[in-house]
Structures are given as C-alpha cells and as structure tokens.
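Report on the structure given below.
The values are calculated or read from the model by the stated rules, or taken from the named source; none is laboratory data. Source: prediction; values computed, not measured. Backbone-built Cβ (ideal geometry, glycine too); neighbour counts: all protein chains shown.
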Amino acid sequence: MKVFVTGGAGYIGSTVVSELIKRGDEAIVFDNLYQGHREAVHPEATFIEGDLADKQLVEDVLSQHQPDGIMHFASHTLVGESMKKPFLYLRDNVVNGLNLMESAVELGIKKFILSSTANLFGLPKEMPIDQNAPVHPGSPYGESKYILERFLHWMDQIYGMRYAALRYFNACGAVSATHGEDHDPETHLIPIVLQVALGQREKVFIYGDDYDSPDGTCVRDYVHILDLAQAHLLALDALSEGSRTYNLGNGTGFSVKEVIETAREVTGHPIPAEASPRRPGDPGVLVAGSEKIRKELGWQPQYSSLKAIIESAWEWHKANPEGFAVQGSMFKVQS
Ligand code: UDP
C-alpha cells in the first residue's frame, strides 16, 4: 500500500512511517518540519517538505503520488498551548484537516486515518473512559480533533471515504536508542523528567497536587509509541470493512508522582520535583477503555509496564541528549 503521511517527521508519524516501511508499504511523508525532524524520517520514505496550509502543493503531491490512503498526524497538539492560543488550534488544525480531506475526495482517495485525542472526553465521569462516553472536548485542541472526526463522518456518508479516528491517550517511549521523542520546546512529562536526570533541567514541576486522584497528582494512560504504531497498521488494514473510532491506551493509569518515582528507579538519579499550580485544561484522571480495538482488531499492547516504557525512553535520551540534532544514525539526512 502507498500511504501519504502528514506529520511523518514527527514523533508518532515517523514511528508509524518506519513500521509501514518495515512491513513493505510505501510512505510519502509531508511535513513542514515545524516540530518534526528530517532525520527521524526513514531513509526509504519519500520526503516532501511542505505545509498543509498550501492546498495547491498538497493537491499536486497527492496527484503525483496517487496514494491508496492518508494518515494525518500533522497538527498542533498541546492542550495547554491551545488554552492560550485557541485560534491557532481551531483555525490551523481544522482548516488544514478539512483542506486535506477535500483534496482526498477530489483525487478519489478513500482511506483516511486521523490522529485524535482523549482530550475530547474533557472531564469524564467514569474511568476507564468507555469508547462511547459522551464527548465534551476539554480544550480547543480536543475540539479541533472532534470537529475533524465529525467532518470524516460526512466524508464517509457522502463520498464513501473510510476512516479510522484513533483517540490517543499519552504517547511515550522510544523506538530505539536512535529514534525517540524530541520536541522543542519539550512539554511532555516523561522527556522532561529524563532531562532532569540528564542534568539539563534542575527539577520537574508537578502541575497540581490537589487533584481528586490517589496521590493528588494527575493520572494518565501511557501508551508506548510502538504499540500506537501497530494500532495504525491494524486500523489501516481494516478500513475496507468500514470506518471506525477507537480509544488507544493501555487501560492502566499512572500518576505524575509514579512517573517521577519510576524514572528515579530507572536512571538512578534523584530527580528533584516541586509542586506548582495546575496547568489549564488538564483533567485529573484519563485512562482508556480500549476493549473495542483489542476485540475488533486484536490489538495487544506489548509495553504495559511503566518501567519498560521509561527504560526505552531513557535509552534514547541518554544516547541523544540533544535529540536528533546531533545524532549519527540510520536516520541521518540523505544528501
Ligand atoms: N506534567 C507535569 N509537569 C510537567 C509536564 C507535565 O506535572 O512538566 C503533567 C501534566 O499536568 C499531565 C501529565 O504530566 O497531567 C502528562 O502531561 P503531558 O504534557 O506529558 O501529556 P498530556 O496529558 O498533556 O497529553
């Protein structure tokens, strides 16, 4: 299969691209390198540097490569940032996603996988979050993804475009010592904690310790990037049987304090931590009920232990303290 991957140089997208290529599929990566890294893109993928806001370029690339399907990762992805810059999220994520869908329709591309998010459940009443729990987006970010899910519903109804909306919980971990998470600025908990262990930060700030959770800190469902990637491949293969929406998480929650404690164990570093105010838009507890994808597609996460997840991330961060910028690896830029 030939897959057009927006955001294919990013953390999740580049991992899925590598897995697609590993199993013999072809990947056309389209990324503006705003957050992504050219070095993260598998050398056998076709890489096009471009912005989704350039609808003509997207159309040209799609008509040149004629992909069988689209995986749409490219977007602004931070809950906290979306509370400060709502227009950025509500405009860019929504308009770029809609333009991409329109181009797909015009070119007869009938398979579409959307990166969606657990944030569209807002402050859920029941944990784990059932697949069919009511949707009340918790931030402009979550709202932007929900709007795209609704657009896809109509693309399916009207044009027969089959889609999968994958509602991620907390993506984390590294593929290997040469392929891992690298955001600038970094805002995610596990990399920040490991940056403290590396001496790049003095301490980690715990955003709120007065939540309604066992130790007062936020609980999240951490799902390894390779497990997420497998879910994308399974969903892509299942699209011919119809559109679908899945929660993607392990079904187990870990608190911020548990993450820090496990990282202390894995790294042997004391990792100083300090309580600080809550981050706007953060729900207290988010844990996935992901029985649907397990049952329908046989998805079985391999990394359900927090220790294994943090060990894999630590391997990457230790080997590449500055991220992709200075590493020498199979992912080096091809001249
Ligand atoms: N968090 C924290 N300190 C940090 C970064 C994150 O306490 O420096 C908390 C954050 O409030 C959330 C959890 O860690 O409850 C995971 O945050 P992250 O940004 O990694 O992912 P999100 O849940 O926002 O997708």
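Miscellaneous remarks
- Scan of the stretch 195-222 for residues that are under 16 Å from Pro185 (Cβ atoms) and at pLDDT below 95, ordered by number: none
- Failed condition for Arg220, given (1) of a type in the set (D, E, K, R); (2) farther than 22 Å from Glu19 by Cα; (3) touching an Asp or Glu at 6+ places or on another chain (Cβ under 8 Å): (3)
- Failed criterion for Pro280 (all others in (1) closer than 17 Å to Cys218 by Cβ; (2) at pLDDT 95 or above hold): (2)
- Remark: pairs (first residue in the stretch 276-297, free of Cβ contacts under 8 Å to residues at least 40 places away in the same chain; second residue away from the ligand (no atom under 16 Å from the Cβ) and part of a loop (DSSP other than H, G, I, E, B); Cβ separation under 8 Å; 6+ apart in sequence or on different chains) = Arg294/Gln300.
- Residue identified as under 24 Å from Ser243 (Cβ atoms) and either in a loop (DSSP other than H, G, I, E, B) or in contact (Cβ under 8 Å) with a residue 60 or more places away in the chain (or both) among Gly13, Gly80: Gly13
- Of the residues making up the stretch 240-289, those that are more than 12 Å from the ligand (Cβ to nearest atom), among the charged types (D, E, K, R) and over 30 Å from Gln131 (Cβ atoms) are Glu261, Arg264, Glu265.
- Being farther than 21 Å from Val17 by Cβ and modelled with pLDDT of 95 or more holds for only one residue in Leu114, Leu78, Leu90, and it is Leu90.
- Scan of the stretch 220-241 for residues that are among the aliphatic types (A, V, I, L, M), closer than 27 Å to Trp316 by Cβ and not in a strand (DSSP E or B), ordered by number: Ile225, Leu226, Leu228, Ala229, Ala231, Leu233, Leu234, Ala235, Leu236
- Condition check for Lys111: away from the ligand (no atom under 16 Å from the Cβ), surrounded by fewer than 24 Cβ atoms within 10 Å (Cβ to Cβ) and closer than 26 Å to Lys2 by Cα: yes
- Residue within the stretch 50-63 that is modelled with pLDDT of 95 or more, closer than 22 Å to Pro140 by Cα and within 16 Å of the ligand (Cβ to nearest atom) present: no
- Pairing residues of the stretch 181-198 that are of a type in the set (S, T, N, Q) with residues that are near the ligand (Cβ under 8 Å from one of its atoms), at Cβ distances under 6 Å and at least 6 apart in sequence or on separate chains, gives Thr187/Leu78.
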